[in-house]
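**Student:** To start, I am sharing the structure in question, which I have written as structure tokens.
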Amino acid sequence: MENILNNAAALLILLFLIITFLQSGIDKIIDWKGNLGWLQGHFKDTPLKDLVPILLTIILITEVAAGVLCAIGLYQLLFKGEGAIAFYGAILSCIALLMLLFGQRTAKDYDGARTIAIYFIPAIFLVFLLQP
């Protein structure tokens, strides 16, 4: 109970990131063709148009890794009071969001970029909360 009270903000943000990235990764796996098709249309007029399949793979791996690290970190923070893995999950979450932001800005989807920035705020705050 003490770990919950002492780390409430970090635990809640970890849950937020776990939901965000694991759901997104699972969606990409389940509907790979749909995601790939949409993204190829989204980036058709950008320098990234021929790289969409590899970039989608990189994003998928990064998102799932971030979600898994955050889940392991949540467990460790909750039951052991250790925040190192959660810290790495928070950093990887920020990197994933920066990659997504780069893509949205490249595609000139400024509303999408604004949405990514909203997700970035709690992720970077978690890095601040957990940094050694």
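**Student:** For a quick check of your reading of the model, give me the residue pairs whose first member lies in the range 1-26 and is closer than 12 Å to Gly73 by Cα and modelled with pLDDT of 95 or more, whose second is polar (S, T, N, Q) and buried (at least 20 other Cβ atoms within 10 Å of the Cβ), with beta-carbon atoms closer than 8 Å and at least 6 apart or on different chains.
**Tutor:** Here the result reads Leu17/Ser93, each pair linking the range 1-26 to a residue that is polar (S, T, N, Q) and buried (at least 20 other Cβ atoms within 10 Å of the Cβ).
**Student:** For the condition among the acidic types (Asp, Glu), over 20 Å from Gln131 (Cβ atoms) and over 18 Å from the mean Cα position of the chain (by Cα), what is the one hit in Asp45, Asp27?
**Tutor:** Asp45
**Student:** Another question about this same structure. Name every residue in the range 27-55 that is surrounded by fewer than 18 Cβ atoms within 10 Å (Cβ to Cβ) and closer than 28 Å to Ile13 by Cβ, in order of residue number.
**Tutor:** Asp27, Ile29, Ile30, Asp31, Leu55 - these are the residues of the range 27-55 that are surrounded by fewer than 18 Cβ atoms within 10 Å (Cβ to Cβ) and closer than 28 Å to Ile13 by Cβ.
**Student:** Taking only pairs six or more apart or across chains, which ones have beta-carbon atoms under 7 Å, a first residue in the range 44-66 that is in contact (Cβ under 8 Å) with a residue 60 or more places away in the chain, and a second residue that is of a type outside the set (A, V, I, L, M, F, W, C) and surrounded by fewer than 18 Cβ atoms within 10 Å (Cβ to Cβ)?
**Tutor:** Thr46/Thr106
The values are calculated or read from the model by the stated rules, or taken from the named source; none is laboratory data. Predicted, not measured: the structure shown is a model, and the values here were computed from it. Every residue, glycine as well, gets a Cβ built from its backbone with ideal geometry; the counts of neighbours run over all protein chains shown.
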